[in-house]
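The structure appears right after this line, and notes come after that.
The values are calculated or read from the model by the stated rules, or taken from the named source; none is laboratory data. Because the structure is predicted, anything quoted here is derived from the model rather than measured. A quick note on method: Cβ atoms are made from the backbone with ideal geometry, for glycine too, and the neighbour counts reach across all protein chains shown. Just the protein is used for accessible areas: all its heavy atoms, side chains included, with ligands, DNA and RNA removed. Shrake-Rupley method; radii C 1.70, N 1.55, O 1.52, S 1.80 Å.
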Amino acid sequence: SLSKLQLKTGDLDPRLFSRLRHLQKLDLSDNLLDKFPNSLTLPDLRVLNCNNNKLEDVTALKQFPLLEELTYENNVYLTLNDDYKVMFLLQNLRLLNGKDITKLANHVRHVNSRKLTSKVTAHWEKFFRDQLPEKYTAEQVKSIKKKFLKSVQTNVVYGPSTLSEFTRWRVKMIAEEFLSYSLGLELNSDTEPEEKTDENEEESTESPTEAAENVAQVGDFSSYISNILSVTVTPSKRKRNHSKSSPGNKRSKTKANTEEEAAEDVSAEPLHFLQCHSKGNSREDFKTQLWSGVFEPVLDSGARKDPIVSSSRTVATCGGESVCLIDCETGTVLKKYKVATEEFFSVAWTTLTMVISDSRKKAHNILAAAGRRGIVKLIHVAADFCYGEIKAHKKPIATVCFSPTQETHLFTASYDKRIALWDIGIPDCDYNFKASQLLVLETASIPLRIALVPTCPEQYLLAGCENGCFAWNIKLDKGQKSRPFEAIFQFPDEESVTTSHRVDGLAFLNDDVVVSKSSKPGCIYLWSWSRSFDAKGKGCQRTMSAVILAELEWSTTDMSYLTLSTCPAKEYVFCGDENGSVWMYDLSNYTTAWGSAKGKRSERSISPTQILKWPELRVNGEQPPEILVNNVVADPAFTYLVVLTSVNITAIWKKS
């Protein structure tokens, strides 16, 4: 027993341990180990306890081939993927964290490996076999090996996305063995770093139910059940409104049964309909409003780096008393966070570089969630831990957003007619943190949407409010902690121009083009920030005319708070309506002209490229009531579209 000795990895001296030829049981619990040295040997080790350490990786455990019992609970950086890795690596393992894993381990070692091997082989045959000439050079081998390893890890998918890291780890291993043995391509150990790609993944062959059955045998994977709606989708044949023709792509399998011909008419297909924000997990809850969704950012550093598939298929959504993390591809609710007395209105992500041990630093995604109680909850998602809260306002918080350049800077916009800037600090290894208020922006009316100006995110903030669209100077070196607005923008009205109107949608399409929606029916404006905002003028509370570039044709409803969003990388705007439909605008043909010095306003309003109609959705044989689309968000690559409704249904569409 070497428990509770404050041992670090460097204290495990291989010269000593390699002499313990007959050691069968080792207790290293309650120490500070972040990994195992590779050469401890211990050829007869049967039982190992590493509870309460800081382990980040389990692959070094393969040096103990006779291990039968292994425990490593309370190592916060180990995940379900690591459980599967040790089950594969340790052929004699029977007990993992106190649970009998014999049946599941056999599945992982045999069934899983067999299916992955067949997928890897098929991928080679279909896409790569013909690329290799009969006589090939070492350079050609190296090139095709690199392409194949990258492609196969991106495209071969099996099981739930919670196991995607394990799957890619196994796929790489199988692919290397395949190249080495089947084709005689010798593999060097100098595999170049894998790169992120946007290639479409193949559909999973294992249903979520099968995956859940497999997963449930190891660890407390989930303490709740998400209500995945049992739905029938019977769309009438939908014609694409004003859509450009595009080549028909292979359809993915969806939970919805759609007619083949209907699929050819739309460029996105319904993938999942989830009812995961229900109060008390009730299947009868069609009243909880869903308000906000944000895709998780890619972690680009740290030991758990995942360079092949970005994490942007994971979206955080909020509504009612809960915040959910959803895998868009599988429809799996990965995590759920609840506060019984709260109604969440907004969520936002940031990536903090935290000190973990031995003064080493590691990047982790942190989720901020806020709503009716005026409190911001800070959640360390990988650790399943809400580590703190900030009592930001005495009235509800309508929306939150992080600065893109200062990762600890969080803006909160509240019904108290203030927008506050907070430094949330960085938690230490015991999750102690110190938050401080840096700035208060006074608004003339309730702020509904906020956006930082992309070209100067540390200098200007734009807000859509109940009574207009405003801009503030947020530069921190000005000294003044409480500030009035610097500018209010005028927009065209039916008769003339007005500053007084509810702006319930606001986002930047690119560095300069602002998209805003007022409660004027049927109208979304695109306007130029640089041409509208006079930075040289002096004084506060100046009125400035928004230089309109174009109008987007939208629903004629006077319904408020149906907000819009943008996908800057693809130059798209999205906005839902009062009938469950999503209006999509591809503006890539316009932005170059708008960006020129003499860019003129488009004379006619721009029609939507396409309107995604809400399918005929039956729940327990009945159609849900009136469906408002409160929010629509796309991932940065526009692969998935997440639709948040007024009837507690999250709809996930996938671009064909």
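Okay, residues lined up against (1) of a type in the set (D, E, K, R); (2) free of Cβ contacts under 8 Å to residues at least 24 places away in the same chain; (3) over 30 Å from MET87 (Cα atoms):
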position	(1), (2), (3)
LYS115	yes, no, no
PHE128	no, yes, yes
PRO133	no, yes, yes
PRO160	no, no, no
When residues of segment 564-603 are limited to those that are of a type in the set (S, T, N, Q) and free of Cβ contacts under 8 Å to residues at least 60 places away in the same chain, the one nearest to LEU509 (Cα to Cα): THR566
Give segment 78-87 a look and list any residue that's open to solvent by 30 Å² or more (accessible area, probe 1.4 Å) and either part of a helix (DSSP H, G or I) or on the phi > 0 side of the Ramachandran plot (or both), or say none. none
Would segment 88-106 turn up any residue that is charged (D, E, K, R), part of a helix (DSSP H, G or I), in the same structural domain as THR167 (by the TED database) and touching a helix residue (DSSP H, G or I) at 6+ places or on another chain (Cβ under 7 Å)? no
How many residues are under 15 Å from the mean Cα position of the chain (by Cα), of a type in the set (Gly, Ala, Ser) and surrounded by fewer than 19 Cβ atoms within 10 Å (Cβ to Cβ) if we restrict to segment 351-378? 0
Can you pull out the residues in segment 383-400 that are open to solvent by 30 Å² or more (accessible area, probe 1.4 Å) and not in a strand (DSSP E or B)? ASP384, LYS394, LYS395
Whichever residue in segment 484-504 is in contact with a Cys (Cβ under 8 Å, 6 or more places away or on another chain) and open to solvent by less than 30 Å² (accessible area, probe 1.4 Å) and, among such residues, is modelled with the lowest pLDDT: PHE491
Being surrounded by 14 or more Cβ atoms within 10 Å (Cβ to Cβ) and modelled with pLDDT under 90 narrows it down to one of THR59, THR41, so name that one. THR41
ASP130 versus (1) out of contact with any helix residue (DSSP H, G or I) (no Cβ under 6 Å at 6 or more places or on another chain); (2) acidic (Asp, Glu); (3) under 30 Å from LEU325 (Cβ atoms): which is the lone unmet condition? (3)
Working only within segment 601-642, note down all residues that are buried (at least 21 other Cβ atoms within 10 Å of the Cβ) and aromatic (Phe, Trp, Tyr). TRP614, TYR640
Only one of CYS276, CYS328 is surrounded by 22 or more Cβ atoms within 10 Å (Cβ to Cβ), more than 21 Å from TYR572 (Cα to Cα) and at pLDDT 85 or above; which? CYS276
Which one of LEU448, LEU410 is over 22 Å from the mean Cα position of the chain (by Cα), part of a strand (DSSP E or B) and in contact (Cβ under 8 Å) with a residue 24 or more places away in the chain? LEU448
Given the structure, is ASN75 out of contact with any Gly (no Cβ under 9 Å at 6 or more places or on another chain), open to solvent by 30 Å² or more (accessible area, probe 1.4 Å), assigned to a loop (DSSP other than H, G, I, E, B) and among the polar types (S, T, N, Q)? no
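Taking segment 420-445, which residues are in a strand (DSSP E or B) and open to solvent by less than 10 Å² (accessible area, probe 1.4 Å)?
ALA420, LEU421, LEU439, LEU441
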So, of the residues in segment 401-413 that are open to solvent by less than 10 Å² (accessible area, probe 1.4 Å) and among the hydrophobic types (A, V, I, L, M, F, W, C), which turns out to be nearest to LYS434 (Cα to Cα)? LEU410
Based on this model, can you work out whether VAL333 counts as assigned by the TED database to the domain that holds PRO447, within 23 Å of THR639 (Cβ to Cβ), buried (at least 18 other Cβ atoms within 10 Å of the Cβ) and under 20 Å from the mean Cα position of the chain (by Cα)? yes
Checked segment 124-151 for anything surrounded by 13 or more Cβ atoms within 10 Å (Cβ to Cβ), among the hydrophobic types (A, V, I, L, M, F, W, C) and out of contact with any Lys or Arg (no Cβ under 8 Å at 6 or more places or on another chain); matches are TRP124, PHE127, LEU132, VAL141, ILE144, PHE148
Tell me, yes or no, whether segment 308-324 has at least one residue that is modelled with pLDDT of 95 or more, assigned by the TED database to the domain that holds THR408 and open to solvent by 50 Å² or more (accessible area, probe 1.4 Å). no
